[in-house]
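Shown next, in C-alpha cells, is the structure this report addresses.
The values are calculated or read from the model by the stated rules, or taken from the named source; none is laboratory data. Note that this is a predicted model, so its numbers are computed, not measured. Every residue, glycine as well, gets a Cβ built from its backbone with ideal geometry; the counts of neighbours run over all protein chains shown. These accessible areas exclude ligands, DNA and RNA; they are computed on the full protein's heavy atoms, side chains included. Shrake-Rupley method; radii C 1.70, N 1.55, O 1.52, S 1.80 Å.
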Amino acid sequence: MIPFLDLQAAYLELKKPIDDAVSRVLNSGWYVLGPEVEAFEDEFADYCGTTHCVGVANGLDALTLALRALEVGPGDEVIVPSNTYIATWLAVSAVGATPVPVEPDLATHNIDPARIEAAITPRTKVLLPVHLYGQPADLDPILAKARQHGLKVVEDAAQAHGARYKGQRIGGHGDIVCWSFYPGKNLGAMGDAGAITTNDANLAERIAMMRNYGSRAKYINEVQGVNSRLDPLQASVLRVKLKVLEEWTERRRAIAALYSDKLADTGLTLPQVPKWAEPAWHVYVVRSPRRDALQAALKEIGIDTLIHYPIPPHRQQAYAHLGLAEHTLPVAERLSGEVLSLPMGPHLLDKQAALVVDSIKRKV
Ligand SMILES: *Cc1c(COP(=O)(O)O)cnc(C)c1O
C-alpha cells in the first residue's frame with residue numbers, strides 16, 4: 001500500500017517539537033495573532049528573501065486580499081492560467097473581477113508568457129501566474145509584460161514553497177506572492193493557514209489591516225475588512241516545519257530524480273524542467289493518453305495516484321456563465337485528460353518509489 005502523501009508520518013517525525021510548540025501556545029493564553037504569528041511572519045519572510053510576510057487564514061484568502069489590496073474589483077480583468085486549481089479563479093471572482101484564462105505551455109504546464117499579450121485589454125489590472133506543481137512559472141517575461149502595460153503581478157505560490165526561479169526563491173518577484181499552508185502543501189499546517197509575502201511595506205500593511213476587520217488600532221475601522229487571521233496554533237506548527245522545509249524539499253527532489261531517471265523509457269511524458277527552474281516538486285506529474293487505465297491498474301495493486309486536475313476551471317459549473325465551451329481552451333482540456341500525479345512526499349521511501357516505477361513499467 002503506497003499512499004499518495006503520508007501526513008501522519010510527517011507529524012510523527014516532528015511529534016515532540018510540534019507538541020511542544022502547540023503546548024507553548026495553549027499555555028501562553030494568547031490565541032489570536034500575537035507573538036507566535038509575528039515570529040512565523042518574520043521567519044517566513046526571511047526564508048523567502050522578502051521584507052514582509054502577513055499571515056492569513058488560507059491560500060484563497062491570501063489571493064483575494066492581495067487583489068483587494070491592489071483595488072481590483074468589478075469591471076476589471078485578471079489574467080489567470082487555464083490550467084490551475086480553481087482557487088486561483090475564485091479569488092478573482094470573489095473581488096467581483098473577471099478571470100481571463102491564458103493557456104499553458106504544454107511542456108511545463110505553466111502559463112505560456114507568449115500568449116499573455118493577446119489576452120490583455122484596457123480592463124486588465126493584474127497578471128496572476130501560478131507556480132503549478134511547484135514548478136516556477138517563467139517570471140521574467142511576465143514581469144516585463146506587466147511593466148510594459150502598467151499591470152501588477154500577483155503570484156499564486158500555493159504549491160511552490162522553496163522553489164527557485166533563476167536562483168532566487170519564489171516569494172519576492174511579483175508585487176504580492178500568495179501562499180497556502182493547507183496540510184497537503186509542501187509547508188503544511190495542521191489545518192487551514194495562508195500568507196502573503198511582498199517587498200512593498202504599504203501593501204503588507206494594507207493586507208495586515210484588511211485581514212483584521214480593516215483595523216490597525218482596536219475599534220478603529222478604516223476599510224470594510226474581513227476576519228482572515230493566521231491562527232497562532234497553526235503558526236507555531238509552521239515554525240517547526242519551516243526549519244525542515246529545505247531538508248524535506250531535498251527528499252522530494254531525490255524522488256523526482258529517481259522517477260525521471262527510471263521512467264525515461266516508458267513512453268510516459270515526464271516533467272520538463274527549464275534550465276532556470278528549481279522546482280519544489282509539490283507533485284510529480286506524468287502524462288499519458290491512457291491515463292485512466294494506468295491509474296486504475298495502480299490502484300488495484302495499492303498505489304494511490306491523483307489527478308491535478310480532472311476538470312479545468314472553465315469547464316466547471318461554477319464558471320458556466322463565462323460561456324467558455326468545450327475546446328475553447330484545448331491545452332488545459334488535453335492536460336486534464338492526460339495528467340497523473342505519482343506518490344510524492346518527504347516520507348515516501350526510496351523502495352516505495354522504486355515499487356511505483358516497477359509497477360508502472362509492468363502496466364504501460
Ligand atoms: C491549495 C491552493 C490554493 C488554495 O489554498 P487554500 O489554503 O486551500 O485556500 C490556491 N491555489 C493553488 C494553486 C493551490 O494549490
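Annotations for the structure displayed:
- Conditions (1) touching a Gly at 6+ places or on another chain (Cβ under 8 Å); (2) within 16 Å of the ligand (Cβ to nearest atom); (3) farther than 23 Å from Leu270 by Cα: number failed by Ala163: (3)
- Residue in the stretch 326-333 that is of a type in the set (Gly, Ala, Ser), open to solvent by 10 Å² or more (accessible area, probe 1.4 Å), part of a helix (DSSP H, G or I) and in contact with a helix residue (DSSP H, G or I) (Cβ under 8 Å, 6 or more places away or on another chain) present: no
- Pairs where the first residue, in the stretch 265-292, is on the phi > 0 side of the Ramachandran plot and the second is modelled with pLDDT under 95 and open to solvent by 20 Å² or more (accessible area, probe 1.4 Å), C-beta under 9 Å, 6+ apart: Gly267/Val364
- Residue match in the stretch 118-137 (condition: among the aromatic types (Phe, Trp, Tyr) and within 15 Å of the ligand (Cβ to nearest atom)): yes
- Entirely in the stretch 1-91, the helices (runs of 4 or more DSSP H) that have 2 or more residues that are away from the ligand (no atom under 15 Å from the Cβ) and closer than 30 Å to Ala201 by Cβ: 15-28, 35-48, 59-69
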